[in-house]
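Remarks on the structure that follows.
Quick note: the coordinates plus some simple rules give every number you see, no bench work behind them. As the structure is a prediction and not an experimental result, all values here were calculated from the model. No Cβ is skipped: glycine too gets one built from the backbone with ideal geometry, and neighbour counts run over all protein chains shown.
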Amino acid sequence: MNMDFKRKLPIPQDIKAQFPLTSGLDAVVERRAEEIKAIFEGRDDRFILIIGPCSADHDDSVIDYISRLRTVQEKVSDKLYIIPRIYTNKPRTTGDGYKGMLHQPDPSKGSDMLGGLIAIRNLHIRAIAETGFTCADEMLYPENYRYLSDLLGYVAIGARSVENQKHRLTASGLDIPVGMKNPTAGDISVMMNSITAAQHAHTFIYRGWEVESHGNPLAHAILRGYVNKHGQSMPNYHYEDLIHLAEIYETSGLSNPTVIVDTNHANSGKKWMEQPRIAKEVLHSCRHSAAVKKLVKGLMIESYLEDGTQKPEEGVYGKSITDPCLGWEKTEKLIYDLADIL
């Protein structure tokens with residue numbers, strides 16, 4: 001094989017034993033899981049915001065950001081339910097660039113996957129301990145989910161992974177909401193097939209075991225826009241798109257029909273400043289259709305402490321080193337604006 005086997009990594013059970021949830025935090029995870037489940041099942045009508053940096057890069061700035069979200073959450077808790085983004089492994093279109101904290105716990109240094117496994121676990125634990133938030137992460141590598149399975153509140157399957165069988169089957173064995181993004185080419189049927197697969201039971205191989213999943217009724221859609229054959233970004237968050245998805249869901253037989261609208265990526269054409277406008281348009285659509293209001297249970301927003309993006313070597317505290325994000329001042333205003341609209 002044309003690869004070097006550097007070292008055998010500890011299994012999830014060993015990492016969890018070495019870096020466990022401290023006393024009482026498991027109750028926080030369980031409470032948050034039930035609250036989030038109630039929203040997806042329609043027993044709680046609060047609107048979800050899955051919000052935070054494109055990628056988690058440094059512990060202190062991420063926790064600083066999430067701590068600010070905690071202060072805001074207390075003021076809007078009757079309308080909004082915040083799930084911070086701590087995205088610790090990032091897909092890269094060409095395979096190059098910063099792949100997240102899992103690969104590089106220090107963005108200024110080389111890859112260290114063992115250090116990365118420890119770093120991402122400690123960061124999620126720190127978020128729970130210091131802010132009371134369980135957070136969202138992207139499941140880029142299905143076999144690595146077990147390293148964080150006792151910590152997360154939400155999981156996203158990216159546009160490049162949603163058609164992958166291993167991602168679909170692993171999602172069917174999770175007991176928290178899993179968002180399936182539409183693929184980069186925009187075919188909604190691919191996303192819906194992925195949701196169907198995730199909601200069904202399966203037998204498959206996972207981490208060297210023959211396992212049987214029970215199906216995940218909380219698997220749902222994420223609309224993130226798409227790229228057409230000319231390479232142009234095309235949105236799919238407009239009223240007509242949401243009505244169309246509601247109609248598809250109505251005949252699908254799927255449990256807990258839900259869509260989360262991603263306000264960045266191809267929906268914004270990567271024009272990150274458009275996110276507040278897009279978020280407000282989605283809420284406007286909800287006011288004009290009971291079906292859309294019932295279907296749309298939240299937004300996904302990319303936000304950090306500073307506006308925009310930077311190269312890793314620039315070292316600006318709290319500024320994204322992957323996709324550009326809304327800065328804190330704009331983020332705080334947007335959250336309060338959305339609460340007022342709701």
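At the listed q of 0.15, 0.16, 0.19, 0.20 Å⁻¹, the Debye profile of segment 1-147, built from one uniform point per Cα, gives log10 I(q)/I(0) equal to -0.84, -0.94, -1.24, -1.34.
Taking every C-alpha pair closer than 8 Å and separated by at least 6 residues, the mean separation divided by the residue count of segment 31-336 gives a relative contact order of 17 percent.
Taken along its three principal axes, the alpha carbon spread of segment 191-315 comes to 46, 45, 32 Å, from the longest extent down to the shortest. Computed on the Cα atoms alone, the convex hull of segment 213-268 gives a volume of 111 cubic angstrom per residue. Using only side-chain charges placed at the Cβ, +1 for Lys and Arg and -1 for Asp and Glu, the dipole size of segment 52-133 relative to its Cα centre rounds to 240 debye.
Taking every DSSP beta bridge with both residues inside the chain, roughly what % is antiparallel (nearest 5)? Walk me through the intermediate numbers first.
Values: 7 of 37 bridges.
Taking every DSSP beta bridge within the chain, about 20 percent pair in antiparallel fashion.
Say a site is exposed when it is one of the trypsin sites (Lys or Arg not before Pro), sits in a DSSP loop, and has at most 11 other Cβ atoms within 10 Å; what is then the longest site-free stretch of the chain? Each step should come with its number before you reach the end.
Values: sites that count: Lys6, Arg7, Lys8, Arg43, Lys109, Lys229.
Within the chain, the longest run free of exposed trypsin sites (Lys or Arg not before Pro) spans 110-228.
Pairs exceeding 19 Å between alpha-carbon atoms, taken from Lys8/Lys109; Lys229/Lys270; Lys99/Lys333; Lys37/Lys280: Lys8/Lys109; Lys99/Lys333; Lys37/Lys280. Under a 5 Å amide H cut-off, with hydrogens placed 1.01 Å from N, Gly158 pairs with Met139 among residues at least 5 apart or on other chains. For Glu332, Glu130, the sequence from fewest to most other C-beta atoms within 10 Å is Glu130, Glu332.
Among the chymotrypsin sites (Phe, Trp or Tyr not before Pro) in segment 1-94, those located in a DSSP loop and surrounded by at most 16 other Cβ atoms within 10 Å of their own Cβ are Phe5.
Let me see the pair-distance distribution of segment 103-162: every alpha carbon pair, 5 Å bin width, integer percents in order. Per 5 Å bin, starting at 0, the Cα pair percentages come out as 4, 17, 25, 24, 20, 9, 1.
Using Cα-Cα distances under 8 Å and only pairs 6 or more residues apart, what relative contact order does segment 121-215 have, in percent? Show your work: numbers first, answer last.
Details: 149 pairs, mean separation 21.6, N = 95.
Answer for segment 121-215 is 23 percent.
The value of relative contact order for segment 267-342, using C-alpha pairs under 8 Å at least six residues apart, is 28 percent.
Where does the chain land at 222 nm, in deg cm²/dmol rounded to the nearest 500, when only DSSP H runs of n ≥ 4 count, each adding -39500 (n - 2.57), divided by all residues? Don't skip to the answer; put the middle values down first.
On the way: 11 runs with 131 residues, N = 342.
Mean residue ellipticity at 222 nm (helix-derived): -12000 deg cm²/dmol.
Extension gain for Gln165-Ala38 works out to 42.9 nm (0.36 nm per residue, less the C-alpha to C-alpha distance).
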